[in-house]
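Step one of this worksheet: look at the structure below.
Just so you know, all these numbers are worked out from the coordinates, no wet-lab data involved. Not measured: the values here are computed from a predicted model. Note that we place each Cβ from the backbone using ideal geometry, even for glycine, and neighbour counts take in every protein chain shown.
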Amino acid sequence: MNSKATFTGPLVGFIFLFFSGWIFYEFIAADYFSQHFMNMPSTTATDMNYIAFGVFVEAYLISLIYSQWAKGRYNLKNGFKLGAIIGLFVGLGIKMVALGTMELMDIEASLVDAAWNVVYFGIAGSLNGWVFKALG
């Protein structure tokens, strides 16, 4: 694996995931999700250090998995496929487990969030496809 792509893929993925997640959850869908909270405390403290670290781990793992999964066929389509699969795992799989155990959001918001995760991680995967094609 090319060291430039290994460094750049997670960096580009992190920038996209961090800022698009922030824009989506803070501005675009904030009112929607606040109307669908069930057992969520009314005021929650956020720690940007943990959020940034978690997003970096996601970006790094998408890049690492993509580099092995694509087997040299680097392109936007393959990247989106892998990202969408990861988004399905995170968005639908983990959200349904959370719904069944914690019920932080209702089923409608959980499904909307799952759909967002498929697109969100799909685009991050596409960016990795683009980076690896250009640098790999």
Straight-line reach from residue 81: which lysines have a Cα under 17 Å away, not including same-chain ones fewer than 8 places off?
-> 71, 133
Simple spin-label estimate for residue 133/residue 108, 7 Å along Cα→Cβ, in nm, reads 3.9
Comparing 122, 93, 79, which has the greatest mean-square fluctuation in the GNM of the chain with Cα pairs linked when under 10 Å apart?
-> 93
Based solely on its DSSP helices, what 222 nm [θ] is calculated for the chain when runs of n ≥ 4 H residues each add -39,500 (n - 2.57) and the sum is averaged over all residues, nearest 500 deg cm²/dmol?
-> -23500 deg cm²/dmol
Pull up the cross-link candidates among the aspartates and glutamates for residue 95, meaning alpha carbon to alpha carbon under 12 Å and not fewer than 8 places away within one chain.
-> 103, 106, 108, 113
For the range 47-103, run through the trypsin sites (Lys or Arg not before Pro) and keep only the ones in DSSP coil with at most 12 other Cβ atoms within 10 Å of their Cβ.
-> 71, 73
